[in-house]
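Trainee: Dropping a structure here in structure tokens format, bear with me for questions.
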Amino acid sequence: MKLRWLIGLLGVLALTASATLGHGDEKHVIGTLIKVNADSVVVKTADGKSVEVKLISGTAIVMRDGKAAKLSDLTTGEKVVIHAKPKGDTLEASEVRFSPVPPPVK
Amino acid sequence: MKRNSLLLLIIVVLIGVGVAAALSILHDGLSARAKPTALEAMLAHKARHLAIPADARTMTNPIPDNAQNMEDAEMHFADHCATCHGNNGGGDTMYGKGLYPKPPDLRLPQTQELSDGEIFWIIENGVRFTGMPGFGGDDDSKQDSWKLVRLIRHFPKLSMDEQMMMEKNNPKSPDDMEEEKQENDFLNGAPAPKESEAHHHH
């Protein structure tokens, strides 16, 4: 019983020691794919900016209806909505949702 | 004599910790965004262990391990728990990062090595001095909590498809829903929304 009180007291005292930790909000990047690499994509947004987003092992690539897809399904010209987390100066994609370009009409 | 020496040692240690804590507060403040020190983490784990009654540790899960119960648990977790813990149990969420202490990564041994009964007890009763509330109260909650125990055991091998399904059941504010609609409209052919590189606090 005394041990519990001692651990509790030490815990309360120790809980006051602290060190800061940064945190970043998620960002949504919306636009057209202009470049696709194995580890990143570049998106042209509506205001004409080119935004590079890194692809990581946990990046989910999905079609607009939510079905899972692969990196090889991404091609330039497709519309994308990317949910990404800022990591330093870069963005890391948690999800890339895209709308496949329809095949050309013959 | 021995007892007096021990008492003196404890008092000196407590004063030392107190002084260190006071200096730390004066220097850094008491931000909930801080990362708990190794000492705090160790003490918190000990305290959590002591907080769980011995008979709770040996409880076994009465809920069968089947697809329907797993889906129920995933939808429940996505709606009630993922705001802090994340759909994959990793805790890498805006609320999770702002809590002190942070929610544990439920996929790691720190959680996976707990018994089913301990995990159940924590879901039902919460953890004092943390952001983890107790969700217990009735028989329905017990069923749900046991299903969640199944899901927590499953987290280390949760698939991307399962995460995508869970995402659909995450709580959404009116702003989130409007944003999602704009994104879906864009993917279906509408022009891009005005803010096509926007911060999102979900």
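Trainee: Could you list, in sequence order, all residues of the range B:21-40 that are open to solvent by less than 60 Å² (accessible area, probe 1.4 Å) and in contact with a helix residue (DSSP H, G or I) (Cβ under 9 Å, 6 or more places away or on another chain)?
Mentor: Of everything in the range B:21-40, those that are open to solvent by less than 60 Å² (accessible area, probe 1.4 Å) and in contact with a helix residue (DSSP H, G or I) (Cβ under 9 Å, 6 or more places away or on another chain) turn out to be B:A21, B:A32, B:A34, B:P36, B:T37, B:E40.
Trainee: For the range A:66-106, give me each residue that is in a loop (DSSP other than H, G, I, E, B) and open to solvent by less than 90 Å² (accessible area, probe 1.4 Å).
Mentor: A:G66, A:A69, A:L74, A:T75, A:T76, A:G77, A:E78, A:G88, A:P100, A:V101
Trainee: Okay, next question. Given the conditions (1) surrounded by fewer than 18 Cβ atoms within 10 Å (Cβ to Cβ); (2) part of a helix (DSSP H, G or I), and given that B:G136 satisfies all but one, which numbered condition is not satisfied?
Mentor: If we test B:G136 against (1) surrounded by fewer than 18 Cβ atoms within 10 Å (Cβ to Cβ); (2) part of a helix (DSSP H, G or I), just (2) comes out false.
Trainee: A follow-up question, please. Residues of the range B:52-68 being under 13 Å from B:E124 (Cα atoms) and out of contact with any helix residue (DSSP H, G or I) (no Cβ under 7 Å at 6 or more places or on another chain), which ones?
Mentor: If the condition is that a residue be under 13 Å from B:E124 (Cα atoms) and out of contact with any helix residue (DSSP H, G or I) (no Cβ under 7 Å at 6 or more places or on another chain), then B:P53 is the only one that fits.
Trainee: Pick from the range B:133-175 the residues that are under 19 Å from B:S115 (Cβ atoms) and among the hydrophobic types (A, V, I, L, M, F, W, C): which of them is nearest to the chain's Cα centre (by Cα)?
Mentor: For the range B:133-175, the residue satisfying everything is B:I152.
Trainee: While we're looking at this one, here's another question. Residue check, B:T130 against (1) in a helix (DSSP H, G or I); (2) modelled with pLDDT under 95; (3) open to solvent by 40 Å² or more (accessible area, probe 1.4 Å), all met but one. Which one?
Mentor: With respect to (1) in a helix (DSSP H, G or I); (2) modelled with pLDDT under 95; (3) open to solvent by 40 Å² or more (accessible area, probe 1.4 Å), B:T130 is out only on (1).
Trainee: If you don't mind, there's one more thing I want to ask. Of all the helices (runs of 4 or more DSSP H) wholly in the range B:1-75, which have at least 2 residues that are within 30 Å of B:M166 (Cα to Cα) and in contact with an Asp or Glu (Cβ under 8 Å, 6 or more places away or on another chain)?
Mentor: Per the criteria, B:54-57.
Trainee: How do the pairs read when you match residues in the range B:22-44 that are facing chain A (nearest Cβ under 7 Å) and within 15 Å of B:G96 (Cβ to Cβ) with residues anywhere that are assigned to a helix (DSSP H, G or I) and not hydrophobic (A, V, I, L, M, F, W, C), using Cβ under 9 Å and keeping only pairs 6 or more apart or on different chains?
Mentor: Partner pairs satisfying both residue conditions: B:R33/B:K97; B:R33/B:G98; B:A34/B:D28.
The values are calculated or read from the model by the stated rules, or taken from the named source; none is laboratory data. Fair warning: this is a prediction, and the values are worked out from it, not measured in the lab. All Cβ positions, even for glycine, are placed from backbone atoms using ideal geometry, and neighbour counts span all protein chains on display. Accessible surface areas use protein heavy atoms only, side chains included; no ligands, DNA or RNA. Shrake-Rupley method; radii C 1.70, N 1.55, O 1.52, S 1.80 Å.
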